[in-house]
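Below: the structure, in structure tokens.
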Amino acid sequence: MNGDTEGGDGEELGLQAFAARLRRMTAEFNRIAHEFANEHGLHTTDVQALIMIYDAPTPITPSRLRDELNITSGAVTACLDRLERAGHIRRVRDAHDRRVVHLHYLATAQEFAAAFFRPLGRSTGNALARFNPDELRTVAAFLDAMNEELAVLRSAPRSR
């Protein structure tokens, strides 16, 4: 027995079964991100940075990006240099405090990424269409809870 519970149709719904599903989905997302990075001469960290810059509700700073990616200042500078040269982002100095730099995802880069990731968007739409609104609310609640737990895990001190 692996500690999994079964749903009404014999489907495994326990921790190990969900962990396997999440690993498989993460591996597929990583494969797609690697393909995007390889096609555009980027590192996988660059793609992670692009996602964080794009998803940020307001422009973020290099130091916040460094903290989110858990990389050195030199590594974040090299990453931003590559992204800027490739035309994905722009660094803009704050009008009130010139020491502060904000990172902006360029509209042309959004169009470029949208074209590459359009098949993923269609696949996501196909998967969403299989569920009714109540089921989708449950899935969204699970994903939100997982992201909250991962944030707690990331911020907790590591014991070795």
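Annotations
- Pairs, first in contact (Cβ under 8 Å) with a residue 12 or more places away in the chain in region 139-152, second part of a helix (DSSP H, G or I) and of a type outside the set (S, T, N, Q), C-beta under 8 Å, six or more apart: MET146/LEU22
- Region 81-114, subset among the hydrophobic types (A, V, I, L, M, F, W, C) and farther than 17 Å from LEU50 by Cβ, residue farthest from the chain's Cα centre (by Cα): ALA95
- Condition broken by ASN70, with the remaining ones in (1) of a type in the set (S, T, N, Q); (2) more than 17 Å from the chain's Cα centre (by Cα); (3) within 26 Å of ALA145 (Cα to Cα) satisfied: (2)
- Residue among PHE142, PHE131, PHE117 that is over 21 Å from ALA56 (Cβ atoms), under 18 Å from the mean Cα position of the chain (by Cα) and surrounded by 11 or more Cβ atoms within 10 Å (Cβ to Cβ): PHE142
- Contacts under 6 angstrom Cβ, first residue in region 1-23 being surrounded by 10 or more Cβ atoms within 10 Å (Cβ to Cβ), partner among the polar types (S, T, N, Q) and modelled with pLDDT under 80, 6 or more apart: LEU13/THR5; GLY14/THR5; GLN16/ASN2
- Subset tally (residues that are crowded, with 16+ Cβ neighbours inside 10 Å and without any contact (Cβ under 8 Å) to a residue 12 or more places away in the chain) for region 24-55: 1
- Residue within region 99-111 that is more than 25 Å from SER63 (Cβ to Cβ), without any contact (Cβ under 8 Å) to a residue 12 or more places away in the chain and basic (Lys, Arg) present: no
Matching residues to (1) touching a Gly at 6+ places or on another chain (Cβ under 8 Å); (2) buried (at least 16 other Cβ atoms within 10 Å of the Cβ); (3) under 24 Å from ASN38 (Cα atoms):
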{"site": "PRO57", "(1), (2), (3)": "no, no, no"}
{"site": "ARG66", "(1), (2), (3)": "no, yes, yes"}
{"site": "THR72", "(1), (2), (3)": "no, no, yes"}
{"site": "VAL76", "(1), (2), (3)": "no, yes, yes"}
{"site": "ARG85", "(1), (2), (3)": "no, no, yes"}
{"site": "ARG93", "(1), (2), (3)": "no, no, no"}
{"site": "ARG99", "(1), (2), (3)": "no, no, no"}
{"site": "LEU103", "(1), (2), (3)": "no, yes, yes"}
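The values are calculated or read from the model by the stated rules, or taken from the named source; none is laboratory data. None of these values were measured; they are calculated from a predicted model. Every residue, glycine among them, receives a Cβ derived from its backbone with ideal geometry; neighbour counts consider all protein chains shown.
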